[in-house]
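Enquirer: Structure provided below as structure tokens; questions to follow.
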Amino acid sequence: MADHKTADLSTAERVYETPPTERPITEAEAARAAKLSANEHIKIASGYLRGTLAEGLLKNATGAISDDDGQLVKFHGMYLQDDRDLRAERTKKKLDKAYSFMIRLRIAGGVVTPKQWLILDEIARTYANGTLRATTRQTFQYHGVIKSNLKRTMAAIDSALLDTIAACGDVNRNVMAATNPAQKGAHEAAYKLAKDISDSLLPKTNAWREIWLDGERVVGGEDAGEVEPVYGKTYLPRKFKTIVAVPPSNEVDVYAHDLGFIAILDKKGKVTGWNVTVGGGMGMTHGETDTFPRTADVMLFCEPDYALKVAEAVMTVQRDWGNRNVRKNARLKYTIERYGLKAFRAEVEKRVGRAFQDPKPFTFTGNGDRYGWVEGDDGKHHLTLYVASGRIKDIEGGPQILSGLRRIAEVHQGDFRLTGNQNVIIANVPADRKAEIDALVQEYGLTAGAGALRRNSLACVALPTCGLALAESERYLPSLIDELEESLASHGLSEDEITIRMTGCPNGCARPFIAEIGLVGRGPERYNLYLGAAFDGSRLSKLYAEDVTAADIRPKLDPLFAAYAKDRKAGERFGDFVIRAGYVAKTGNGPDFHVQTGAQKAVA
Amino acid sequence: MSRPALLPRTAPFGDAERAHLDAALGSTTALQRAWLAGFLAGLDAASGAVPAEAPAPAAPPRAAEPLTIVFASESGNSEKLAGDVGKLARKNGFKPKVVDFADLDVPALGREKRLVVIAATWGEGEPPARAVRAYGEIMGEGAPRLDGVEFGVLALGDTSYAEFCAIGKRLDARLEELGAKRVLPRVDCDLDFDKPAAAWIKDALKALAPAEPAGNVVAVDFARAGSADEDVEVSREPVTVEVIEHVNLNSSRSDKETIHLALAFEEAAPAYEPGDSLELYPENDPALVDQILRAAGLEGDAALRQALLAERDITTLSAATVERFVKATGHEEARRLIDNGEVRAWIEGRHLIDLIETYPAKLTAQHLSDITRPLPPRAYSIASSRAEVGDEAHLTIAAVRYTTHDRARTGVASVHVADRIRTGAKLKVRVKPNKHFRLPKDPATDVIMVGPGTGVAPFRAFVQERRATEAPGRNWLFFGDRHFTHDFLYQLEWQEALEDGSLARIDVAFSRDQPEKIYVQDRIWEQRRELVAWLDGGAHFYVCGDAKAMAKDVRAALVKAFADVKGLDAAAAEAAVAGLERGHRYQQDVY
């Protein structure tokens, strides 16, 4: 268990810039004069996220949309992608790239009813590539939906009383919440806060309904005050991710998010208020040291009644202070580094209209999921199933995860919860229905667990659909874990929990920089290997070896596993061990992430 | 100075021809005229064009006998034969008139004296599309009486279809029923129609000749000078081409396989026009050849193997094939198929290999030759315009693969191209003109093209041509296939065409991208207002592709569109579309 972070007092010694006092520029001319980044101009010209999306859908000779619309469509929960496995053959065949869309839903807290599940399943089979992908942020995404099917898919999602608004883009995205249903009261409070934040910080433009559901265009309200009272014309400088955690589990990875709420519980498990965290984030760019991952600061404590106001204030300060000139430095983590946590907190308190207490103590024990059945305070039962990389599909000759969960949804009377670790919880099962669920789990080859390393693993989607991927991730990690499990077993470490995460690029969707073993794609079959993060996700890792080929990952780790098995102290985590033993330097926070990299001493 | 006319007005020449002849002959000497008379007589005797009964030179000159030759053509074969009849008839002293069924005035048929009918049968016993109207009128209750009309019917068909030559047969019976007099028996031709058709034509002209000799007609074939509005004759000689591009246009995830073939002519490309087809001489699947040789007990006969590979149709199984097989082998079981009337049902979905494997018999090379027919070339719409690709021709060929009776089957030519032809290979081809599938003469006329699947091929040629010639008319393409991502043939080219304006718009229908099937006719219906507006503005409408369902559904959709947009009743809407057809503004090339 690592020390929890509090506001770093040393920040007082640093010299910070003076924060802006104006609201963001929303005039095209002024934006050009101020040299705002390209996306700002697109937002200004978009007419509240409309752009030429409606016209682009009618261009039936191409599966793509225009570049500018490609930026805007993210606000609607979609990414234009193409099947990169097929790229090589397409031009020769006189075919355009195999374009399709990734569609991400907004499901606050990751809770869906069985009825919704059945609709989502049907969409996966009808319009997507036959899979539902549980993401690292507690929602579903679809892959492979072609342009001509977008509106049908959106209508189907709407029929499930769900939407995709703000699932991507420069807005407050899907709000995550702790899933631990055993802590009934705390979870309910966490879920409610997540839902409230999600609802109140949702963009208000009617563009989504208009474009995808053929909704009536609301005439008139072009005045920013009316259309988007909180966001304004230009929304946020960059994506903004919010979570709600309930200790002792850090399953939502509070330190990796822009804004976080950590439940402070009394002895009976009741929520007395929230520690508010700001400025976490994973994304960086290879070779650019002014970009870095950062763990969030725990800024203040607020009482339950103020949580929503604090959330809005944090977001609006970032709206006004965030860097709109340099997009790669636009996230809240850079805003905090630029203006200092003290000034930021003061501005938040000013906007809420009162001062808050300093954070209260809390303890996290890890950021993984609890697999198998647990019984809640209210006597209901909850089954956490392991889903490799969150990929819910029927595997030929293997588990029939999609079909199995569909069957469960047909009989299940409780609900489903997605976890931040890409897993699925069948929640609120009465005791007398457990056997029925178990039988279906058995029948379809679903599993409530895996080897220690595997159940602590995360992988992003990467190839073939993600346009950012530099290397494989989801398709490769399972076989890498096979290798590493052999290695761990040879050192008697089969049952030791070690977190391992892989991403195809350094944008960090699977939060690789807070995993004890982080692998980040550099090129085909080449990864940077990061070590030394805290097991509970509170400390960043450090670059240990650059450009490791896939074949060389196990040989690089095996001697470290051997040393860990031999030299660790009782209860010492792998991430802590590699620092104490001197193999890798410890990272304080974002700004020193790129300092003192590489292996610090030879391993036997 | 005018000279007195030498030729009587009754001579079988047009006024202009007569004037020319008078001018030429008027200044000849007696010696020259004698030489010419002998020369002309010898010329025709040598070519065999003159009937044995040479016209008596002393007989008084008389008018040429009118002969009407009507043809119902889909692929152009009947039309070509009708032209042959016309030429030969003129040599033989007739005054021929060649009429397309599409333009036939049926009520006026009763006024004809002599009628030659050349009719193709299409698909499952149907008339060629252009002939549907007139055929319907002849077969219908309102048909005129034809008493006193003499006629003969030449039927074209394909024995691989059940209803072989059905249209020719029905017309033959119907004309008699209407009172016309059959002067020679009908002949039904298979794909290798050249010889039987030539023989029938000769017989027909004899049979239709007037009882008395046709007078002292000077039997000279004055080749018609090509008039301006007719296509230049393209060489029908097979030539060798080199494959310079061979690519499957469908994605590797598609369950379809469509080969784009770019062929380079060694010399200048034959003068094909957008809309023409190219006939390709295929070879049979060597594995099938070996199977047949094995089944026939003729393995090791290299000469036979070569013949079966390149010259004989070793797949088609017709009732006639079974009969010839039984005749050659005396196979008792196979004979029972015929005797019991089961042969039609049995050959359904079966090929020659099934016959000789099911009814094993010792066969000779001669037997195999007798049983099979010559391997015909396969025609594919040309997918390029010479104006854009120069001395090349491009084809778009869908590989045909299917399974019947537990045996995997392949299309002879398409799979030859897909599997056994690669870049650098040589192929034998010849141009097959299609005068009835032509861009509008006026380049400013708008064009609507409906071409799902490989039906898009000629429209690639159309768009290339219209771009290269900077035709100001707008071009609108309807394309369809199974999946947008994997089967959008020539997608990048259509995108470019939309960019540069050579396509004004494109509408696409991908049948399997969504739960309900969407086809081009559905898009036509959706776009009916715009479509009818284009047609009202004089646009030409073209359909290419599947004859069985698509072409009919498209036509029906257009009729419905007219009815809806213009508020017409069904009959009036039908008449509107029929009007387009008669005006040659609705053209189709279907297969």
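Enquirer: Could you list B:Leu580, A:Leu49 in order of exposure, starting from the residue whose Cβ has the fewest other Cβ atoms within 10 Å? Working shown, then result.
Expert: Numbers: B:Leu580 19, A:Leu49 29.
Ordered from fewest to most neighbouring Cβ atoms within 10 Å, B:Leu580, A:Leu49 come out as B:Leu580, A:Leu49.
Enquirer: Continuing with this model, one more query. Convex hull over the Cα atoms of segment B:412-539, averaged projected area in nm²?
Expert: Numbers: hull surface 40.5 nm².
It is 10.1 nm².
Enquirer: Straight-line reach from A:Lys94: which lysines have Cα under 23 Å away, leaving out those fewer than 8 places along the same chain?
Expert: List returned: A:Lys59, A:Lys147, B:Lys256.
Enquirer: Subtracting the Cα-Cα distance from 0.36 nm times the residue separation, let me have the gained length for B:Val239 to B:Ala425 in nm, one decimal. If you can, show how the numbers build up before the last one.
Expert: Details: separation 186, 0.36 × 186 = 66.96 nm, distance 1.37 nm.
That pair, B:Val239 and B:Ala425, stretches by 65.6 nm at full extension.
Enquirer: Now for a different question. For segment B:65-208, take every pair of Cα atoms, bin their distances at 10 Å starting from 0, and report each bin as a whole percent.
Expert: All Cα pairs, binned at 10 Å, distribute as 13, 48, 34, 4 percent.
Enquirer: Another question, if that's okay. If r is the Cβ-Cβ distance from A:Leu468 to A:Leu213 and R0 is 25 Å, what FRET efficiency results, to the nearest 0.05? Mind showing how you got there, number by number?
Expert: On the way: r = 29 Å, r/R0 = 1.17.
So the FRET efficiency works out to roughly 0.30.
Enquirer: Per residue of B:487-495, what is the mean number of Cβ atoms on other protein chains within 10 angstrom of that residue's Cβ? Write down the numbers at each step before the final one.
Expert: On the way: counts 1, 8, 3, 3, 9, 9, 2, 5, 6.
For peptide B:487-495, the averaged partner shielding equals 5.
Enquirer: Then there's this: Tell me, in nm to one decimal, what length is gained between B:Asp255 and B:Ala556 on full extension, where the rule is 0.36 nm per residue of separation less the Cα-Cα distance?
Expert: Values: separation 301, 0.36 × 301 = 108.36 nm, distance 2.92 nm.
Result: 105.4 nm gained on full extension.
Enquirer: Report, please, the projected area of chain B averaged over directions, based on the convex hull of its C-alpha atoms, in nm². The partial results should precede the final answer.
Expert: Working: hull surface 130.8 nm².
The directionally averaged projection comes out at 32.7 nm².
Enquirer: Between A:Lys195 and B:His20, how many nm apart are label points set 7 Å from Cα along the C-beta direction?
Expert: Going from the A:Lys195 label point to the B:His20 one covers 9.5 nm.
Enquirer: Mind ranking B:101-112, B:383-394 by how tightly packed they are, going by the mean number of other C-beta atoms within 10 angstrom, highest first?
Expert: Details: B:101-112: 16.7, B:383-394: 20.2.
Ranking the peptides B:101-112, B:383-394 by packing returns B:383-394, B:101-112.
Enquirer: Span-like helices, chain A: DSSP H, alpha-carbon axial extent 15 Å or more, mean Kyte-Doolittle 0.0 or greater, which ones?
Expert: Long hydrophobic helices here: A:307-321, A:401-411, A:477-490.
Enquirer: Dimensions of chain A along principal axes (Cα, Å, largest first)?
Expert: 70, 60, 58
Enquirer: For segment A:178-268, what does the equivalent ellipsoid look like in terms of its semi-axes, each the square root of 5 times an eigenvalue of the Cα gyration tensor, given largest first in whole Å? Walk me through the numbers before you get to the answer.
Expert: Details: eigenvalues 237, 42, 26 Å².
The three semi-axes for segment A:178-268 are 34, 14, 11 Å.
Enquirer: Taking the convex hull of the Cα atoms, report for the protein assembly as shown its projected area averaged over all directions, in nm².
Expert: Details: hull surface 253.9 nm².
Spelled out: convex hull of the Cα atoms, projected over all directions, averaged, 63.5 nm².
Enquirer: Just need the relative contact order of chain A here, percent rounded to a whole number, with Cα pairs under 8 Å and 6+ apart.
Expert: Numbers: 1372 pairs, mean separation 81.2, N = 604.
Once normalised by length, the contact order is 13 percent.
Enquirer: How many Cβ atoms of partner chains, on average, are near each residue of B:244-254 if near means within 10 Å of its Cβ? Working shown, then result.
Expert: Numbers: counts 0, 1, 0, 4, 3, 4, 2, 7, 6, 5, 2.
Neighbouring Cβ atoms belonging to other protein chains average 3 per residue here.
Enquirer: Something else: I need the semi-axes of the equivalent ellipsoid of segment A:294-393: take the C-alpha gyration tensor, multiply each eigenvalue by 5, square-root it, list largest first in whole angstrom.
Expert: Details: eigenvalues 236, 90, 32 Å².
They are 34, 21, 13 Å, listed from largest to smallest.
Enquirer: Between B:Glu332 and B:Glu348, how many nm apart are label points set 7 Å from Cα along the C-beta direction?
Expert: In this crude label model, B:Glu332 to B:Glu348 measures out at 2.9 nm.
Enquirer: List, in order, the whole-Hz ³J(HN,Hα) value for each residue of segment B:560-565 obtained from phi through the Karplus relation with A = 6.51, B = -1.76, C = 1.60 and θ = phi - 60°; use x for Gly and Pro.
Expert: With the stated coefficients, segment B:560-565 comes to 4, 5, 4, 4, 6, 5 Hz.
Enquirer: Can you list the GluC sites (Glu not before Pro) in segment B:508-565 that are in a DSSP coil and have 13 or fewer other beta carbons within 10 angstrom?
Expert: Working: sites: B:Glu516, B:Glu526, B:Glu530; in loops: B:Glu516.
Answer in residue order: B:Glu516.
Enquirer: Let me ask something additional. Just checking chain A: which Cys have no other cysteine's beta-carbon under 4.7 Å?
Expert: So far as the 4.7 Å Cβ criterion goes, A:Cys168, A:Cys302, A:Cys466, A:Cys505 stand without a partner in chain A.
Enquirer: Using every Cα-Cα pair within segment B:466-572, state what percent have a distance larger than 24 Å. Kindly include the intermediate steps, with their values, before the conclusion.
Expert: Numbers: 1662 of 5671 pairs.
More than 24 Å apart: 29 percent of the Cα pairs in segment B:466-572.
Enquirer: Out of segment A:466-519, which GluC sites (Glu not before Pro) are coil in DSSP terms and have no more than 16 other C-beta atoms within 10 Å?
Expert: Listed in order of number, the matching sites are A:Glu495, A:Glu497.
Enquirer: May I pose another question? Only sites in a loop by DSSP and with at most 13 other Cβ atoms within 10 Å count here; which GluC sites (Glu not before Pro) in segment B:469-506 make the cut? Display every interim value, and only then the final one.
Expert: Values: sites: B:Glu470, B:Glu493, B:Glu496, B:Glu499; in loops: B:Glu470.
For GluC sites (Glu not before Pro) across segment B:469-506 that sit outside H, G, I, E and B with at most 13 neighbouring Cβ atoms in 10 Å, the list reads B:Glu470.
Enquirer: When the label point is put 7 Å from the Cα of A:Arg14 along its Cα-to-beta-carbon vector, which residues of segment A:509-543 have a backbone N closer than 16 Å?
Expert: Under 16 Å, as judged by backbone N against the label point of A:Arg14, lie A:540 of segment A:509-543.
Enquirer: How far, in nm, would the chain grow between A:Arg580 and A:Glu22 when pulled straight, counting 0.36 nm per residue and subtracting the alpha carbon separation? Don't skip to the answer; put the middle values down first.
Expert: On the way: separation 558, 0.36 × 558 = 200.88 nm, distance 4.71 nm.
Result for the pair: 196.2 nm of gain on full extension.
Enquirer: What number does segment B:350-444 give for Rg over Rh if you use C-alpha atoms and the Kirkwood radius?
Expert: Values: Rg = 19.1 Å, Rh = 17.3 Å.
Result for segment B:350-444 is an Rg/Rh of 1.10.
Enquirer: How large is the Kirkwood hydrodynamic radius of segment B:286-371, in angstrom, based on all distinct alpha carbon pairs? Before the final figure, lay out each step's value.
Expert: On the way: mean 1/r = 0.0776 Å⁻¹.
Over segment B:286-371, the inverse of the mean reciprocal pair distance is 12.9 Å.
Laboratory data are not the source of any read-out in this text; all were calculated from the coordinates shown. The model shown is predicted, which means the values in this text are computed figures rather than measured ones. Here the Cβ is made from the backbone with ideal geometry for all residues, glycine too, and neighbour counts use every protein chain on show.
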